[in-house]
Amino acid sequence: MTISPIAQHGMLRCDPRTKLAFTLTVGCFCLTSAGGDTPVMQWVRGLLICCAFLLLAGSGRLKPALEMGLFALVCVGLARMAAHWQGPAAWFATMSTAMWMQMLPSGVAAYWLMATTTASELTSALQRMHVPQAVTIPLAVMFRFFPTAAEEQRAISDAMRMRGVHVRGRKANRMLEYRVVPLVANMVRIGDELTQAALTRGLGARAERTSIARIGFHALDIILLASCAACYALWALTAFGVLS
């Protein structure tokens, strides 16, 4: 059964190069706090965070977007409560919520990138960007690795549940052994098989490969790329003292 582009990407379809640029921009300004804490940069971070959640929800991943948004609200509420606390508990709660809130926007953008981009689309986009194969092959394997590893994790959880290995089961003390050992073994096997499959399909060949993946820039791509460029322009203006 083939998956239609709308089912794969939702209503908002973007080029993989646009997704990479947006994800790097979110990581630059939200994760590394580039530009400092000036009012302009705070507005930029707020708009990037809202845009990341909207793109994830509009791409057919409404449930993960709502779950991550709810988690962000819980972190904000906990931070407000911790402001009235005293002692080590207040420090730990403040630092934990600050760390999660700093990492969450980049996680949302990265999830949107990986959930709505196939390995073929990514490979075609990187090939058009003339990226070396030493970078293309590991990225293509990584994009296939995480979904496959998640499926293996679900299969292991189902097998453990059938054998009574869960928190309230008779073998709860052996959960770590039964879960971690098969998962690590399967992850090593999956990584090896995906690498062999990629090389078998000619990913490492010197000749230019053809692909049936449909990629290209559209109106949404132009808007997102222009927005990313505007973020860096505002950062430069702030660094030179033009904006405060």
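Points worth noting:
- Selected residue (criterion: nearest to LEU104 (Cα to Cα)) from residues of segment 32-46 that are free of Cβ contacts under 8 Å to residues at least 60 places away in the same chain and loosely packed, with under 11 Cβ neighbours inside 10 Å: THR32
- Taken as a whole, the structure leaves ILE49 outside the set of residues that are open to solvent by 60 Å² or more (accessible area, probe 1.4 Å) and either part of a helix (DSSP H, G or I) or modelled with pLDDT under 90 (or both).
- Checking each residue in segment 121-166 for being over 19 Å from the mean Cα position of the chain (by Cα) and among the hydrophobic types (A, V, I, L, M, F, W, C) picks out MET129, VAL131, ALA134, ALA155, ILE156, ALA159, MET160, MET162, VAL165.
- Residues that are open to solvent by less than 60 Å² (accessible area, probe 1.4 Å), of a type in the set (Ser, Thr, Tyr) and in a helix (DSSP H, G or I), drawn from segment 56-98: SER96, THR97
- Residue within segment 99-108 that is surrounded by fewer than 13 Cβ atoms within 10 Å (Cβ to Cβ) and either more than 19 Å from ALA21 (Cβ to Cβ) or among the polar types (S, T, N, Q) (or both) present: yes
- Residue pairs meeting the criteria (Cβ under 8 Å; at least 6 apart or on separate chains; first part of a helix (DSSP H, G or I), in segment 152-165; second open to solvent by less than 50 Å² (accessible area, probe 1.4 Å)): GLU152/LEU183; GLU152/ASN186; GLU152/ILE190; GLN153/LEU183; ILE156/PRO182; ILE156/LEU183; ILE156/ASN186; MET160/MET175
The values are calculated or read from the model by the stated rules, or taken from the named source; none is laboratory data. Since we're looking at a predicted model, the values are computed, not measured. Backbone-built Cβ (ideal geometry, glycine too); neighbour counts: all protein chains shown. Remember, those area values only see protein heavy atoms, side chains included, never the ligands or the DNA or RNA. Shrake-Rupley method; radii C 1.70, N 1.55, O 1.52, S 1.80 Å.
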